[in-house]
Amino acid sequence: MPSSGARVPRPRTFRPGCGTYGVTVTDANGCTTTNSFTLTEPVILASSGIPATFSCGYNVTCNGATNGSINFTATGGCAPYAFLWSTGATTEDVSALGAGTYGVTVTDANGCTTTNSFTLTEPVILASSGIPATFSCGYNVTCNGATNGSINFTATGGCALCLPLEHGCGDRGRFWQSRPYGVTVTDATVARRPAASR
């Protein structure tokens with residue numbers, strides 16, 4: 001115990017980063033003591049993610065679809081981690097996403113944060129059109145009962161795929177006989193859009 005009236009030195013603190021620090025204490029009589037301290041730090045908090053990819057490199061199957069997902073991972077820092085997505089989701093991975101940009105903030109147990117963002121893409125709208133061949137008087141076959149009609153059919157958008165139609169492969173086909181016909185166009189991502197019957 002110090003004698004009455006003696007001053008008790010206040011502890012002195014500073015806020016260093018990680019590393020090894022030495023200190024020498026000298027009293028009024030010139031006596032000294034030394035000490036050292038090593039401060040550690042966690043590995044930098046980081047994150048990465050991989051959006052699911054479908055045919056043609058898109059992140060959802062069809063224009064307007066919401067079947068995209070992101071497989072997300074946080075590393076470093078101090079686990080456990082808390083996740084907050086721009087959608088309000090608080091899970092590590094997210095799904096049922098449409099095309100667009102999604103941000104996420106990761107917070108570790110010490111309150112350190114890191115952010116990341118991902119942009120999901122979608123194909124152009126899958127569409128189709130067709131033009132029946134026209135003969136004299138505007139008919140699409142030459143004679144009653146004839147089977148020489150044809151339809152010049154085209155599909156656009158979506159994700160191109162060479163898919164056999166009734167008479168051909170790709171985005172064109174011919175359909176015979178004089179009655180209404182329908183065709184379903186299927187692209188490489190299994191997006192479906194019925195064409196109008198003619």
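Each reported figure results from applying straightforward, stated rules to the coordinates on display, with no laboratory input. This structure is a prediction, so every number in the text was calculated from the model and none was measured. Methodologically, a virtual Cβ is constructed for each residue, glycine included, from the backbone with ideal geometry; neighbour enumeration extends over all protein chains shown.
Hey, with R₀ at 30 Å, roughly what FRET efficiency would Thr87 and Thr53 work out to, going by the Cβ-Cβ distance, to 0.05? Result of the calculation: an efficiency of 0.90. First check a/c for the stretch 72-113, with a ≥ b ≥ c the square roots of the eigenvalues of its C-alpha gyration tensor; if it is under 1.5, answer rounded, and if not, answer prolate when a/b is larger than b/c or oblate otherwise. It comes out prolate by the Cα gyration axes. Remark: relative contact order (the stretch 82-156) = 22 percent; criterion is Cα-Cα distance under 8 angstrom and separation of 6 or more residues. Between the amide H of Asn59 and those of Phe54, Thr121, Glu122, distances stay under 5 Å, these residues lying 5 or more places away or on another chain, with hydrogens modeled in the peptide plane. The Thr40 and Thr154 beta-carbon pair, evaluated with R₀ = 45 Å, returns a calculated FRET efficiency of approximately 0.10.
For Val124 and Ala96, a Förster radius of 22 Å and the Cβ-Cβ distance give a FRET efficiency of 0.50, rounded to the nearest 0.05. Residues of the stretch 30-51 with backbone nitrogen within less than 17 Å of a virtual label 7 Å along the Cα-to-Cβ line of Ala109, please, listed as ranges. Within reach of a label on Ala109, which here means backbone N under 17 Å from a point 7 Å along Cα→Cβ, the stretch 30-51 contributes 40-46.
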